[in-house]
Every structure is written in C-alpha cells, then in structure tokens.
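The values are calculated or read from the model by the stated rules, or taken from the named source; none is laboratory data. Not measured: the values here are computed from a predicted model. Neighbour counts are summed over all protein chains in view; Cβ atoms, including those assigned to glycine, are modelled from backbone coordinates with ideal geometry. Calculation scope for accessible area: heavy atoms of the full protein, side chains included, ligands and nucleic acids excluded. Shrake-Rupley method; radii C 1.70, N 1.55, O 1.52, S 1.80 Å.
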Amino acid sequence: MKEKLEAIKAAALQELKESVIKTEIENIRVKYLGKKGELTQILRGMGQLSNEERPIVGKLANEVRGDIEILITKASDLIKNKESEQKLKSEVIDISMPGKKQTVGKRHPLDLTLEKINDIFLSMGFAIEEGPEVETDYYNFEALNIPKDHPARGEQDTFYINDSMVLRTQTSGIQIRTMEIQKPPIKMIAPGKVYRSDAADATHSPIFYQIEGLIVDKGITFADLKGTLELFTQKMFGDKIKTKFRPHHFPFTEPSAEMDATCFVCNGEGCKVCKGSGWIEILGCGMVHPKVLQNCGIDPEVYSGFAFGFGLDRITMLKYGIDDIRALYESDMRFLKQF
Ligand code: DAH
C-alpha cells in the first residue's frame, strides 16, 4: 500500500511537471484528489485494512494528499507567473516614449470679434436680443417690407423649410420680434447665424454671422444714426477712423445708406486690405421704414428709429487679415491656433 501511495505521488508530480496550462492542473486535481480520484479511492477502502495497518496507511495517505495539494498550488503559481510574464512581454510599454499631447481648445476668431462688439454696444447702453434661426417668411421678409414679389428676395435666396418657413437670411427679423414685444425706447443689438444658398468661395459661405442693431424712440434722427455708428467704428478700429455714408436701398429703411470707414491698416492711404481705395465698406443702415414700425404696432407719427446690420465674418476677416471666409468654418487647428 505504501508503494502504491508513493507511486501515486510520483505520478502526480510527473504530470504536474508536464502541465503548461491551468486546465491541465485542474484535471490533475480532479484525477487525484476529486471524489472519484485515485487517492480518495484508497482512503475509502481503508475499512478493509487491519487495525494495525489502518492508522499507518491513513497517516501516509493524508501526507500524500497534503503533498499533492502543495505540489498543485506550486504548479499553478508557476503557470500564473509564466502567464503574467508573457503578458508583460507582449505588452511592452516604452516609458521613454513621449506622452500623448492634449490639445486645449482656443477661442474662435469669430467669437473674439463678437465679444468685442458686444462689449462696445453694451457700454453704449444697448441690450442683446436673440431670435430663431428657423424663421417664418413673415419675420424674415414680409414684416420687413419685402413682399413675395420683391427683388430683394432673389438677392437673399435661402433654404426654404416649406412655403412659410425659411432658414433666416438676415438677423433683421429680430427687429420685428423685439418691436412686437417691447415698447419704445428700444435699443438693442442681435447677433446670430444666417443662411443663404450661396456656393462657398473665398468671400461667400452658406452660413455666416450678422449683427443687427435697432434704436426706436421719440425724436431719433439720421444724426443719431451717424453719431452712434461712427462711435462704434472708432471703438472697434481706432480713434482716428473716419466714416462716410453712401446712399443705398434697403426695403426696411428709408432713407438707407451704406457706411464706409477709412482703412484701419493704411489710414486711408490705400493698401491691399482696402484694395487701394483707402475705404472699407462696414455696414448697411437707415431710418426704420414707417411701414415696418406700423407692422409692429408702433406709431410712426410719434416714434422714429434707425437700424443697421453688418457681417461679423467680414469684420473678423478685416481685423485679422483673413482672406478666405471658409477658413472660419473648417475647424483646422493650424489656422485657429493663431488667434
Ligand atoms: N439685413 C441686411 C442684409 O442682410 C443688412 C441691413 C441693412 C440691416 C440695413 C439693417 C439695415 O438693419 O438697416 O444685407
């Protein structure tokens, strides 16, 4: 019996030495120590032994069992170590490699310009209003004195959602929305995204930004318009800037004008930025058309006002010397990091 037990131990040891994966060890454990295992069989058969033999064989069998258990633990530890060693080898981490650079975002140049413009108008007592980008035909055109057959519709061709809804082509609709809700005196600007079905090129983008402005009160004249817009331009581009107003036409203002400013790069001498003319076109403006006031329930006999609108992209491009509007919408960090 003693030999048999020794043989079992030796066989288990041999098998453990040869095993290379966890499941093999588990099989060995079942084979020798499991319920139907070889050692268990011997222990079960102890009843047939003589009284003298029983304690000796029992002791020996338990020793062998303990030994096999220790051998199994050792063998499985060995395999575990080997496995983790192999894992470490296959997942070599080169700690000398440079880390991954975390790119921190920057303020967008449009945002920087808008912040400055907002600050200037806020300091002059204007409020900031907002309006929806998906706008009704009424607010975008009709109420601004642009009926269905008006040629100005063609100039501002847009994306129609359906017969009565458009992606707004201008922020001017916010004038109407504001006048419908607020009683004069009104003094507001309204920055926002606008849409036109223009093909993108260096100076056109189907999406761009405008800033609208409106003042309505008793006794507002063209002198107020000129003074306010000149002050804004000087705060934006510098004290020495001069402005001039050219007659123009907008359906929602009468009279209407476009305002130019002396080039802030060459001070009016003529350069690349102003294309040699010394002047830069800045914005459209005019006295609010009496029909527009009426459309909003404001009596044009009592109140008057002026309005203006300009492109944020254009001002940003002028200010930073950007010559292609598309650069503002391409999210290329090499471009954006410069501001
Ligand atoms: N909405 C005009 C445009 O998109 C800009 C404009 C011109 C706005 C004159 C005004 C204004 O408020 O008075 O071209």
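Ignoring everything except DSSP H segments at least 4 long, calculate the 222 nm mean residue ellipticity for the chain; use -39,500 (n - 2.57) per segment, divide by total residues, nearest 500.
-13000 deg cm²/dmol
Of GLN48, CYS271, ASN145, whose Cα points farthest to the positive end of the dipole of the chain (charges on the beta-carbon: +1 Lys, Arg; -1 Asp, Glu; origin at the Cα centre)?
GLN48
Over the stretch 2-90, average the accessible area per residue using a 1.4 Å probe and give it in Å², no decimals.
Value for the stretch 2-90: 71 Å² per residue.
Of the heavy-atom accessible surface of the chain (probe 1.4 angstrom), what whole percent is carbon and sulfur? All intermediate terms of the calculation are to be shown ahead of the outcome.
Working: 10380 of 19530 Å².
Carbon and sulfur: 53 percent of the exposed surface of the chain.
Please give the contour-minus-distance gain from ASP111 to TYR320: 0.36 nm per residue of separation, less the Cα-Cα distance, rounded to one decimal in nm.
Stretched out fully, the ASP111 to TYR320 stretch lengthens by 74.0 nm.
Nearest 10 degrees is fine. How inclined is helix 53-90 to the longest principal axis of the chain, computing both from alpha carbons?
30
Note down the magnitude of the dipole of the stretch 109-336 about its Cα centre, charges +1 on Lys and Arg C-beta and -1 on Asp and Glu C-beta and zero elsewhere, to the nearest 20 debye.
600
Ordered by packing density, taken as the mean number of other Cβ atoms within 10 Å over each peptide's residues, highest first, how do 244-255, 102-113 rank?
Working: 244-255: 16.6, 102-113: 13.1.
Sorting 244-255, 102-113 by mean packing, highest first, produces 244-255, 102-113.
Given THR221, GLY125, PRO98, which one lies farthest toward the positive end of the charge dipole of the chain, if we put +1 on the Cβ of every Lys and Arg and -1 on the Cβ of every Asp and Glu?
PRO98
How about the stretch 255-339: which GluC sites (Glu not before Pro) there lie in a loop by DSSP and see at most 13 other Cβ atoms within 10 Å?
Here the sparse-neighbourhood loop sites are GLU269, GLU301, GLU330.
Under a cut-off of 26 Å between alpha-carbon atoms, report the lysines in cross-link reach of LYS17, not counting same-chain residues fewer than 8 places apart.
LYS2, LYS4, LYS9, LYS31, LYS35, LYS36, LYS59, LYS74, LYS80, LYS82, LYS87, LYS89
Work through the residues other than ILE146 whose Cβ is under 12 Å from its Cβ and net out their charges, Lys, Arg +1 and Asp, Glu -1.
Within the 12 Å Cβ shell, the charges total -1.
Of the trypsin sites (Lys or Arg not before Pro) in the stretch 1-104, which ones lie in a loop per DSSP and count no more than 13 other C-beta atoms within 10 Å?
In loop regions of the stretch 1-104 (DSSP not H, G, I, E or B), the sparsely surrounded trypsin sites (Lys or Arg not before Pro) are LYS35, LYS36, LYS100, LYS101.
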